[in-house]
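For reference, the structure discussed in these notes is given below.
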Amino acid sequence: MIKFIINYIILIFSNGIINIIELLTNTYITRKIGTAFVGSYSLIMNFFTFLITLSVFGVPLALTKLVSEKTTSNKEEINAYSKSAIKICLVTSILTTILSFILKDNIANIILKDAINSNYIGILCLALPLISVSACICGYFNALRKVKNSAIHDIICHMSKAIIIVLFLNYTNNSYLTLILSLVLSELLAFIYTFTIYILKRDKSTKNIKCTKKILKISGPIAFTTLVRSGLSTIKHTLIPLRLQKYGFSAQYALSRYGIIHGIALPFILIPSIFINCFSSLLLPEYSRLYAKSNNEKIISYTKKSFKITLLFSLYISFILYISSDLLCYTFYSNNEVAYYVKILTPLIWIMYLDTIIDNMLRGLDLQVDVMKINIIDVLVSIALIWICVPKLGTFGYILVLYVSEYLNGFLSIGLLLKKTSLKFDYMSWIVYPLILLFISFFISNRLFKNIITYTGLISYILIFSILFFVLYLIFARKNKA
């Protein structure tokens with residue numbers, strides 16, 4: 001437990017730094033280039049995510065799971081797993097890079113609708129082997145509870161990317177080339193660090209253990225379902241601006257709507273999720289160990305506590321973001337529309353945060369294929385709704401799709417976990433009562449603060465709101481125990 005807490009603190013600190021860097025970088029890009037470019041670049045990155053999925057081939061997750069189930073005495077076996085996994089990732093990523101380079105003209109024309117020069121795709125794909133091997137090594141470190149190395153890798157990657165973007169955008173007008181080069185160079189720097197640490201710190205003992213088939217047996221189904229989901233997701237995101245044009249928007253305005261919602265507002269509401277994401281990433285190896293030992297009692301206990309903490313945190317954060325969105329969004333993005341969409345999306349926060357936790361629990365319980373099946377169902381439903389609703393309802397149709405998608409995925413995941421663990425979901429204590437207390441605190445705070453136009457006023461509002469809520473919650477928790 002002490003090791004778990006230490007690793008959690010390390011991840012919180014590193015992810016906090018990364019989120020600040022990302023926020024400032026996105027603010028700079030939005031102001032420098034505009035929301036339409038953010039939308040266009042988001043489409044490109046969605047397709048690149050598909051290529052990354054093909055490159056890693058589910059191997060990092062398989063390696064984390066296999067190494068987590070071994071004890072530290074199995075050093076030779078752990079070493080063999082890591083070496084085989086890296087070789088697999090290297091082969092799959094190089095093949096993906098070659099294939100992407102051959103098809104770059106088709107990708108630029110058919111999939112990305114000529115939003116980017118095909119030569120830039122060739123440059124972008126050079127990062128695939130770096131990303132793939134780095135992901136594999138980070139999965140190895142996480143399984144051994146050495147999250148510090150993975151955290152440093154992420155900080156190097158994001159910090160160097162931000163520095164390169166700021167420097168390059170001041171000397172060139174080619175925005176796409178700047179962002180692509182920044183990604184490739186930052187991944188190269190992060191890879192050099194990660195691979196060096198791996199070589200220096202891995203166990204040097206060698207043993208002729210054939211484990212490639214064992215890795216592929218786990219990674220194969222993961223890769224297949226992930227690729228289907230990622231491919232469908234690429235289609236989904238490509239369709240959004242196209243169907244918005246069917247509603248009557250111009251191509252530029254459609255990309256701007258997509259950029260504001262998907263490229264700015266959604267990442268904004270996910271900033272506080274660093275606490276959940278760090279906690280979630282540590283749950284996968286922990287649940288793998290408990291599942292390997294058939295320790296169902298601890299699994300149920302951990303699940304209950306995780307649900308309670310995640311729901312309380314996410315519901316509270318949704319109110320905080322709703323309260324502060326006007327002032328914060330205008331400060332960072334000089335755009336009132338971002339705050340409008342942030343407020344609309346805040347009811348999604350609790351299900352998005354909870355789903356993040358549940359997915360890693362399910363993967364630890366050997367249900368990673370089921371997780372991907374749920375994701376595929378989610379994307380298929382989303383594509384159907386985008387095709388039908390967005391041309392009729394415009395931006396509101398896209399918001400509707402987001403709601404249906406997140407709640408469908410979340411409820412299916414919750415149902416699967418409850419079935420696996422035989423746990424009863426306590427709706428009243430975990431959701432209903434905290435929501436009632438939050439609304440009471442919100443109502444009282446609103447009576448005290450009419451208009452929030454300064455950060456002093458905002459901090460005072462949040463302070464009063466938080467004190468009211470936590471006092472009320474402590475009273476409720478004490479009565480509930482009695």
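Every number in this text was worked out from the coordinates using simple rules, so none of it is lab data. Please read all numbers here as calculations on a predicted model, not as lab measurements. FYI the Cβ positions are ideal-geometry reconstructions off the backbone, even for glycines, and counts take in every protein chain you see.
With θ taken as phi - 60° and the coefficients 6.51, -1.76 and 1.60, list the Karplus ³J(HN,Hα) couplings across region 423-436 in order, rounded to whole Hz; mark glycine and proline as x.
8, 9, 7, 8, 4, 5, 6, 8, 10, 4, 5, x, 5, 4
Measure up Lys32/Lys343; Lys65/Lys298; Lys343/Lys419 against 30 Å on the Cα-Cα distance and list the ones that go over.
The pairs that break the limit, which is 30 Å between Cα atoms, are Lys343/Lys419.
Calculated from DSSP H runs of 4 or more alone, at -39500 (n - 2.57) each and per residue, what is the 222 nm mean residue ellipticity of the chain, nearest 500? Spell out each step's value before the answer.
On the way: 19 runs with 393 residues, N = 482.
Helix contribution divided over all residues of the chain: -28000 deg cm²/dmol.
Arrange the peptides 407-416, 58-67 so that the one whose residues have, on average, the most other Cβ atoms within 10 Å appears first.
58-67, 407-416
Using only alpha carbon pairs under 8 Å that are at least six residues apart, calculate the relative contact order of region 2-425 and give it in whole percent.
Relative contact order, region 2-425: 22 percent.
Pop out the ³J(HN,Hα) list for region 255-269 in order, Karplus 6.51 cos²θ - 1.76 cosθ + 1.60 with θ = phi - 60°, rounded to Hz; leave Gly and Pro as x.
Values per residue, Gly and Pro as x: 5, 5, 4, 4, x, 5, 6, 7, x, 10, 5, 4, x, 5, 6 Hz.
Restricting attention to region 379-482, which trypsin sites (Lys or Arg not before Pro) occupy a DSSP loop and are surrounded by at most 10 other Cβ atoms within 10 Å?
Sparse-neighbourhood loop trypsin sites (Lys or Arg not before Pro): Lys424, Lys450.
Please report the spacing between the Cα centers of region 200-275 and region 370-442 in Å, no decimals.
After rounding, the separation between the Cα centres reads 18 Å.
So if R0 is 56 Å, what FRET efficiency would Phe195 and Lys479 give, r being the distance between their Cβ atoms, rounded to the nearest 0.05?
The calculated FRET efficiency here is 0.50.
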